[in-house]
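Q: I am attaching a structure below and will ask some questions about it afterwards.
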Amino acid sequence: MENLDWRLRITVLWIFLAVSISAAMILYIMSPGIVEEIINGEMEGMEITSWIFIIFALFWLIPLIMAFLTLVLKESINRWSNFIIGLFFLLFLLR
């Protein structure tokens, strides 16, 4: 039972990360001039390509996938996958 309790806590944290990323994207788009840049095909001086949209989608989907996997994976695989993906997100978001 204690193991399930920790899995549920980690699952909630992954879902919270996905919601936070969604909120950050919405707040970024609401900044002055960003919509015009996106319409012109640029974002912060970079050309917007389909790969940019795929990367944004992955950064939103990976936490949701990890929330599901946290509940279904075996304990050892779960621990390592959460550690590696969590470390990746930590390093990316702290940059």
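Q: Within region 48-59, can one find any residue that is more than 25 Å from Leu90 (Cβ to Cβ) and in a helix (DSSP H, G or I)? Give the derivation first.
A: At the first step, the residues of region 48-59 found to be more than 25 Å from Leu90 (Cβ to Cβ) are 48-50.
So of that shortlist, the ones also in a helix (DSSP H, G or I) come out as 50.
Within region 48-59, one or more residues are more than 25 Å from Leu90 (Cβ to Cβ) and in a helix (DSSP H, G or I).
Q: Could you check, for region 30-40, whether at least one of its residues is hydrophobic (A, V, I, L, M, F, W, C) and not in a helix (DSSP H, G or I)?
A: Yes, because at least one residue in region 30-40 is hydrophobic (A, V, I, L, M, F, W, C) and not in a helix (DSSP H, G or I).
Q: Moving to a separate point now. Within region 73-85, track down each residue that is within 21 Å of Glu2 (Cβ to Cβ), touching a residue at least 12 places away in the same chain (Cβ under 8 Å) and either within 15 Å of the chain's Cα centre (by Cα) or surrounded by 12 or more Cβ atoms within 10 Å (Cβ to Cβ) (or both).
A: First, pick out the residues of region 73-85 that are within 21 Å of Glu2 (Cβ to Cβ): 73-83.
This time we only want the ones that are touching a residue at least 12 places away in the same chain (Cβ under 8 Å), so: 75, 78, 81-82.
Those that are within 21 Å of Glu2 (Cβ to Cβ), touching a residue at least 12 places away in the same chain (Cβ under 8 Å) and either within 15 Å of the chain's Cα centre (by Cα) or surrounded by 12 or more Cβ atoms within 10 Å (Cβ to Cβ) (or both): Asn78, Ser81, Asn82.
Q: Which numbered condition in (1) surrounded by 11 or more Cβ atoms within 10 Å (Cβ to Cβ); (2) over 22 Å from Leu87 (Cα atoms); (3) of a type in the set (Val, Ile, Thr) is the only one that Thr70 fails?
A: (2)
Q: Failed condition for Thr11, given (1) surrounded by 11 or more Cβ atoms within 10 Å (Cβ to Cβ); (2) hydroxyl-bearing (Ser, Thr, Tyr); (3) farther than 14 Å from Gly86 by Cβ, with all others met?
A: If we test Thr11 against (1) surrounded by 11 or more Cβ atoms within 10 Å (Cβ to Cβ); (2) hydroxyl-bearing (Ser, Thr, Tyr); (3) farther than 14 Å from Gly86 by Cβ, just (3) comes out false.
Values in this text are rule-based calculations from the coordinates and carry no lab data. Keep in mind that what you see is a predicted model, and the values were worked out from it rather than measured. Every residue, glycine among them, receives a Cβ derived from its backbone with ideal geometry; neighbour counts consider all protein chains shown.
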